[in-house]
Amino acid sequence: MDLSTRFEKNGTKSILVCDDVYDHALLLQVILEAEGYEVILADSGAAAIAQIERKNPDLVLFDLTMPEIDGIEAVRYMRQNPRSDRIPVILVAPSRRDSISVECQKLVSGIVHKPIEWEELIPQVEAILATPFSTSSQRNSRSFSVICQ
């Protein structure tokens, strides 16, 4: 599939990638842009919240472990804000050993574990973006998926 077909297929959806480690964010940016997505980068939870309010992305990928405002805190903020309540989130966990609370699982559309396998990430991103959220209850009833290598 050439790049123009990818952009057409994805309708140039925007994805906010929030990771305090620049190399991790850059890797996700390269992978997602190769699939035709517009990528917005943020290096902290606070920066991500500001970008969400300005740009209203179609999907957010949050690193679980960041200083100050971590991924879970940022997602909780999003779910309390009517402007961002319906934006789907994929949480990026450092390893499979990290346990994710049931409460957190209800707040996100998916979880991926580092190192991220892009052959598994992209189908999950596509599936999430193909399913629109119309209410909070529909978001919470969506089946939860976890990608592990």
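Quick note: the coordinates plus some simple rules give every number you see, no bench work behind them. This structure is a prediction, so every number in the text was calculated from the model and none was measured. Ideal geometry is used to build each Cβ from the backbone, glycine not excepted, and the neighbour counts take in all protein chains shown.
Got a sec to turn the phi values of region 108-120 into Karplus ³J(HN,Hα) couplings, 6.51 cos²θ - 1.76 cosθ + 1.60 with θ = phi - 60°, whole Hz, x for Gly and Pro?
Working through the residues one at a time gives 10, 8, x, 9, 10, 10, 7, x, 6, 8, 5, 5, 9 Hz.
From the phi angles alone, apply the Karplus equation (6.51, -1.76, 1.60; θ = phi - 60°) to region 24-29 and give each ³J(HN,Hα) in whole Hz, x where the residue is Gly or Pro.
5, 4, 5, 4, 4, 4
Please arrange TYR77, TYR37 by counting, for each residue, the other beta carbons lying within 10 Å of its beta carbon, fewest first.
TYR77, TYR37
Pop out the ³J(HN,Hα) list for region 78-88 in order, Karplus 6.51 cos²θ - 1.76 cosθ + 1.60 with θ = phi - 60°, rounded to Hz; leave Gly and Pro as x.
Rounded to whole hertz, the list is 4, 6, 8, 9, x, 5, 10, 4, 9, 6, x.
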